[in-house]
Amino acid sequence: MPNGTPPTRLRRIAALIAALAALPLASCRALAEPHPTAFPRPFQVIAHRGASAYAPENTLPAFREAQRLGAVEVELDVQLSADDQVVLFHDSLLRPKTRQAGSVRDHPLAELREVDIGAWFDASHPDAPKRFAGTKLAALADLFEEMGRAFVYHVELKDGEPGLSARVLEVVDRFALHDRVIVTSFRFDQLVRMHELAPELPICLLILKADRREGSVADWIERAADSGFREVGVAAQEISQEHVADARARGLWIRAWSIKSLDDMEHAIAVGSNGMTIDWPEKLIHRLLENRGSAGSLP
Ligand code: G3P
Ligand code: CA
């Protein structure tokens, strides 16, 4: 034997290599360091579509602004383009926020990267401190390329395309950001698909408001827990102490969405939630820092 290595040891090494090679990719990812979003963790201040009060939602300037304002978590909406690229955009139609007809799915990424959403922002946010005409749509890969590990990313699967989860996962893998991503959606089927593909990624089920859903918030909390998800998102106008207690009892985190006012923000804090998506993250950061040191008042 070379260097006197005993044959049994060689066989063990060969067996180990074979076993590792046989592991599915998801299992390999699970062997990595613990997810930084594991409990205990700070209150989630999540810049909604970037700092979308100050720059066009889901664009690189909005995420730069979120970083400048101190956010370390961002939320973003993703959809598949005609050429199956993962694109950042919220609405089902490109109009009226852009001048392009159709949906994200109707255009390849190269065309979407030429679509201006900044002019819409300037017209709809006349009091915003900066102008953004000329700001174009971007891909998820563009965001990861620029921001890398600067953020925890709450990636919302927006469309119903069956291939979306796998394509998102490819981008997450390419940038080795699986430990910086939480996958969210109002679409239960999309989350189930993602959970099967990548069980190590935390999943947050967004619960629709009462007028758009079947069943109660409690029903959906139970369903999320039974499905092995990590978190639920409840509209700020509905979230209650009972929902928080229910989710916690089932081992789930619970956060708020649809923060329209400072009252909504205060309510989401008061009921004891784990955080919220918010268009003006600096206001929440300021609020949380203000209360630091006053015992018992912080989540
Ligand atoms: O926090 C989730 C929130 O982003 C969901 O609402 O309309 O922004 O996709 P929407
Ligand atoms: Ca969203």
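The values are calculated or read from the model by the stated rules, or taken from the named source; none is laboratory data. Bear in mind that the values here come from a model prediction, so they are computed numbers and not experimental data. When we count neighbours, we look across all protein chains shown, and the Cβ atoms used for this are built from the backbone with ideal geometry, even at glycine.
Would you mind stating whether VAL217 is surrounded by 22 or more Cβ atoms within 10 Å (Cβ to Cβ) and more than 16 Å from ligand 2 (Cβ to nearest atom)?
On the way: surrounded by 22 or more Cβ atoms within 10 Å (Cβ to Cβ): yes; more than 16 Å from ligand 2 (Cβ to nearest atom): yes.
Yes; evaluated as a whole, the condition is true for this residue.
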Among the residues of region 232-251, the number that are farther than 17 Å from HIS48 by Cα and surrounded by 20 or more Cβ atoms within 10 Å (Cβ to Cβ) is 4
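Hey, among VAL45, VAL78, which residue is within 23 Å of GLU170 (Cα to Cα), among the hydrophobic types (A, V, I, L, M, F, W, C) and either at pLDDT 50 or above or in contact with a helix residue (DSSP H, G or I) (Cβ under 7 Å, 6 or more places away or on another chain) (or both)?
Checking each option against the conditions leaves just VAL78.
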Contact list, first residue from region 206-229 and charged (D, E, K, R), second anywhere and part of a loop (DSSP other than H, G, I, E, B) and surrounded by fewer than 20 Cβ atoms within 10 Å (Cβ to Cβ), beta-carbon distance below 8 Å, six or more apart or interchain, is LYS209/GLN237; LYS209/GLU238; LYS209/SER258; GLU222/ARG250
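Residues in region 75-93 that are assigned to a loop (DSSP other than H, G, I, E, B) and within 16 Å of ligand 1 (Cβ to nearest atom): how many? Let's see the steps before the verdict.
Residues of region 75-93 assigned to a loop (DSSP other than H, G, I, E, B): 81-85, 89-93.
Okay, now just the ones that are also within 16 Å of ligand 1 (Cβ to nearest atom), so 89-93.
Result for region 75-93: 5.
How many of the residues making up region 111-142 are of a type in the set (A, V, I, L, M, F, W, C) and either without any contact (Cβ under 8 Å) to a residue 24 or more places away in the chain or not in a helix (DSSP H, G or I) (or both)? Give the derivation first.
Just the residues of region 111-142 that are of a type in the set (A, V, I, L, M, F, W, C), to begin with: 112, 115, 117, 119-121, 123, 128, 132-133, 137-141.
Right, trim to either without any contact (Cβ under 8 Å) to a residue 24 or more places away in the chain or not in a helix (DSSP H, G or I) (or both) and you get 115, 117, 119, 123, 128, 132-133, 137-139.
Adding up the residues that qualify gives 10.
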In region 147-163, anything in contact with a helix residue (DSSP H, G or I) (Cβ under 8 Å, 6 or more places away or on another chain) and more than 14 Å from ligand 2 (Cβ to nearest atom) is listed as MET147, ARG149, ALA150, PHE151, VAL152, GLY160, GLU161, PRO162
Among the residues of region 58-94, the number that are over 14 Å from the mean Cα position of the chain (by Cα) and within 11 Å of ligand 2 (Cβ to nearest atom) is 1
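Hand me the list of helices (runs of 4 or more DSSP H) wholly inside region 180-251 holding 2 or more residues that are more than 25 Å from ASP264 (Cα to Cα).
188-197, 217-226
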ARG230 passes all but one of the listed conditions (1) among the basic types (Lys, Arg); (2) within 16 Å of ligand 2 (Cβ to nearest atom); (3) out of contact with any helix residue (DSSP H, G or I) (no Cβ under 8 Å at 6 or more places or on another chain); the exception is number (2)
